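K.L.:
Just passing along the structure, written as structure tokens.
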Amino acid sequence: MKKFILPIIAITLMTTACNSKKDANLTAGIQLANLDTTVSPKVDFYQFACGGWMKNNPLTGEYSRFGSFDKLAENNRKQLRGLIEEIASKTADKGTVEQKIGDVYNMAMDSTKLNADSYKPIEAELKKIGEVKSTTDILKLMPELVLSGLDPYFSIYVGADPMNSSLNIVQTYQSGISLGQRDYYLENDAHTKEIRDKYKEHIVKMFALVGFTPAQAQKNMEAVMAIETRLATAAYDKVKLRDPHANYNKMTVADLGKLVPELNWNEYLNSLGLKDVKDINASQKESLVEVGKIISTEPIPSQIAYLQWKLIDESAAYLSDKIYAENFDFYGKILSGKKEQSPRWKRAVGTVDGVLGEAVGQMYVKKYFPAEAKERMLKLVHNLQKSLGERINALTWMGDSTKVKANEKLKSFIIKIGYPDKWRDYSKLEITKDSYYANVKRASKFETEYRYAKAGKKVDKSEWQMTPQTVNAYYDPSTNEICFPAGILQYPFFDMTADDAFNYGAIGVVIGHEMTHGFDDQGCQFDKEGNLKNWWTAADKKNFDARAKVMANYFDSIVVAPGVHGNGKFTLGENIADHGGLQISFQAFKNATKANPLVVNDGFTPEQRFFLAYANVWAGNVRPEEILKRTKSDPHSLGKWRVDGALPHIQNWYDAFGIKAGDKMFVPVEKRVSIW
Ligand SMILES: [Zn+2]
């Protein structure tokens, strides 16, 4: 939510990164079949570097986007399936983690029971919501819904206080709209309007599928839309959500009671198990004020429909095939352009992974994460750290006092690689054979209570926010940590058999990307301890902002679909991170191979291979619907623009491919971004 989890960056370990001794056994790592040599790199670098990959990996019906990143994730899923199915095929003692993994998986796979049960697993809850008579009843019922995994109206979470990063505090966050992004409710272009119309039809169909008459279903839909549109209107937009100061509104619970008097906050928090809360960060306070008004003014039958919708919408993936299919028709087909559902086993693996992530992760790393990988990865990270330090010291636009602070922050990074030192304990999670949905609901409660129990406690900086099998990486500004799970330390990010040009171009840039998040437009507002505290001189910050603005304007100008531009401010942090990652890793690559430079291999110079490896991480195909969806919701630029938008700002890339003024990819020096 407030983390900068980047769905696209990864990291891995590097082979001989720092030792420049030439190893004759190392390959170039570049797969020539990925290229499209009918196109010049000077005209369209992405097509040149990835055109072969795109042709050889056409989109199948179950995907709205499929890239080399997704291909790796697909492989991980198969590995997890092997581990899980072996467990699920045997009988295990009650209460063991094996019993829990096996039962969740087997119930997800049991289509006969799922279809026979239909919507019965949620029937009692639907009825309970339907019996609500007053605002007081609603407020009494809400904590129960929240603990079971729903987020009606707004959500409550526990996380580090942005101004006092060693302490966990209770915080609110805007929520409660099923389309996720407020734009869907407010914008009036033809595509958005069509999505909205189809969403309305979807709500009506879903109510009918869980036993409502057509007339009731229609009426409920209208109530849901009215409430969600009010929530969307009051919500911060996606650019404002990226401003840490605008989203910091810490106050006493007593003051929150004055601001949003419709809720009895002490009582509400107590019911959630959050006892003796004194301070709370009402992240988007104006949105919360509107929530209070909605709860006190919308008619009770409308609010019943809204709460029932939250339940239906959230549980649809765990009910009968008919209900699942309608859910997929809207979220998969209409919203993303997918053609067909994923096979049942993939969904089942996904649920087990979500419910018992670290239990599965423990088995995964034992089997698939080589012991030497952690050590090698650390070496690579340290080389990148050194290179970023060199670059900071050489900056012409930053004064000495800020440089000292930047270096301190760089040296304070907490580095996490592979898997956590201690594992989650799932002994209190109850998994039985009543229903697939009931298990997921208990797991949500287990997870929510686990997180809520941290309120008022010291932040545990050793905790991981991703499971080790995840194909991804992240930077967290509140702990100043970079994390690279085992799942991402594989081709196309990392290849033990490939040379430095490949590994610095792929995983090296990913490491540099995560490091740069500590210095992007958001991250740079947090100090080395993770506090939202300025460490810049006014002049240096002004210089930084001016340079970041060049980046935002550049990505604003990119046309991502007919008539649709990128959103430079929304994607600014990720684009700065890509830019920094490329600069830092290229320098580390040159440092590492200085004594024994690499030679031409597979027809490409080492510098060319560095950039080809980078581009290949982002090779992929994507449907037009998904492009529009991501432009609304994804802070990362599309794969094509992470290549064709990022590289024209890197001088070493021009040098590597001999790109000059007059070439289509050429951007004049004065228009290029220069930050880290
Ligand atoms: Zn990122």
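K.L.:
What are the residues in the range 392-408 that are in contact with an Asp or Glu (Cβ under 7 Å, 6 or more places away or on another chain) and surrounded by 14 or more Cβ atoms within 10 Å (Cβ to Cβ), if any?
P.N.:
Met398, Thr402
K.L.:
Would you call Arg642 within 16 Å of the ligand (Cβ to nearest atom), under 24 Å from Met54 (Cβ atoms) and at pLDDT 95 or above?
P.N.:
yes
K.L.:
Please go through (1) crowded, with 20+ Cβ neighbours inside 10 Å; (2) more than 16 Å from the ligand (Cβ to nearest atom); (3) at pLDDT 95 or above for Glu529 and return the number of the only condition it doesn't satisfy.
P.N.:
Status for Glu529: all satisfied but (1).
K.L.:
Restricting the first residue to the range 456-483 and requiring it to be over 23 Å from Glu408 (Cα atoms) and modelled with pLDDT of 95 or more, which pairs with a second residue that is acidic (Asp, Glu) and in a loop (DSSP other than H, G, I, E, B) meet a Cβ separation below 9 Å and a spacing of at least six or different chains?
P.N.:
Here the result reads Gly456/Asp276, each pair linking the range 456-483 to a residue that is acidic (Asp, Glu) and in a loop (DSSP other than H, G, I, E, B).
K.L.:
Still on this structure, I have one more. Could you check Glu358 against (1) among the acidic types (Asp, Glu); (2) surrounded by fewer than 18 Cβ atoms within 10 Å (Cβ to Cβ); (3) closer than 22 Å to Val471 by Cβ and say which number it fails?
P.N.:
(2)
K.L.:
Can we say Tyr491 is surrounded by fewer than 24 Cβ atoms within 10 Å (Cβ to Cβ) and more than 16 Å from the ligand (Cβ to nearest atom)?
P.N.:
yes
K.L.:
Kindly provide the set of residues from the range 604-639 that are of a type in the set (A, V, I, L, M), within 16 Å of Gly505 (Cα to Cα) and within 16 Å of the ligand (Cβ to nearest atom), ordered by number.
P.N.:
Val617, the sole residue that qualifies.
K.L.:
Working only within the range 538-581, note down all residues that are part of a helix (DSSP H, G or I), touching a residue at least 40 places away in the same chain (Cβ under 8 Å) and aliphatic (A, V, I, L, M).
P.N.:
Result: Ala539, Ala548, Val550, Met551, Leu572, Ile576, Ala577.
K.L.:
Now, a different point. Checking the structure you have, find out if any residue of the range 646-653 is away from the ligand (no atom under 16 Å from the Cβ) and without any contact (Cβ under 8 Å) to a residue 40 or more places away in the chain.
P.N.:
Yes: the range 646-653 contains one or more residues that are away from the ligand (no atom under 16 Å from the Cβ) and without any contact (Cβ under 8 Å) to a residue 40 or more places away in the chain.
K.L.:
Let me ask something else. Based on this model, can you work out whether Lys275 counts as in a loop (DSSP other than H, G, I, E, B), free of Cβ contacts under 8 Å to residues at least 60 places away in the same chain and surrounded by fewer than 20 Cβ atoms within 10 Å (Cβ to Cβ)?
P.N.:
Yes.
K.L.:
Under 6 Å between Cβ atoms, at least 6 apart or on separate chains: pull out the pairs that start in the range 513-537 with a residue that is within 22 Å of Trp618 (Cα to Cα) and assigned to a strand (DSSP E or B) and end on any residue that is of a type outside the set (Ser, Thr, Tyr) and within 11 Å of the ligand (Cβ to nearest atom).
P.N.:
Filtered contacts from the range 513-537: no entries.
K.L.:
Continuing with this model, one more query. Just to be sure, is Gln465 within 16 Å of the ligand (Cβ to nearest atom), more than 21 Å from Gly29 (Cβ to Cβ) and not in a helix (DSSP H, G or I)?
P.N.:
Judged against the criteria, Gln465 is a match.
K.L.:
Over 30 Å from Phe526 (Cβ atoms) and out of contact with any Pro (no Cβ under 6 Å at 6 or more places or on another chain) - does that describe any residue in the range 275-293?
P.N.:
Yes, the range 275-293 contains a residue that is over 30 Å from Phe526 (Cβ atoms) and out of contact with any Pro (no Cβ under 6 Å at 6 or more places or on another chain).
K.L.:
Whether any residue in the range 547-557 is within 11 Å of the ligand (Cβ to nearest atom) and crowded, with 21+ Cβ neighbours inside 10 Å is what I want to check.
P.N.:
Checking the range 547-557: not a single residue is within 11 Å of the ligand (Cβ to nearest atom) and crowded, with 21+ Cβ neighbours inside 10 Å.
K.L.:
So, one more: Quick check on my filter: what residues within the range 159-197 are over 18 Å from Asn247 (Cβ atoms) and in a loop (DSSP other than H, G, I, E, B)?
P.N.:
Residues satisfying the conditions are Ser178, Leu179, Glu187, Asn188, Asp189.
K.L.:
When you scan the range 532-543, do you find a residue that is at pLDDT 95 or above, β-branched (Val, Ile, Thr), more than 16 Å from the ligand (Cβ to nearest atom) and farther than 18 Å from Ala646 by Cα, even just one?
P.N.:
Checked the range 532-543: at least one residue is at pLDDT 95 or above, β-branched (Val, Ile, Thr), more than 16 Å from the ligand (Cβ to nearest atom) and farther than 18 Å from Ala646 by Cα.
The values are calculated or read from the model by the stated rules, or taken from the named source; none is laboratory data. All of these numbers come straight from a predicted model, not from anything done at the bench. Glycine gets a Cβ as well: all are built from the backbone with ideal geometry, and neighbour counts include every protein chain shown.
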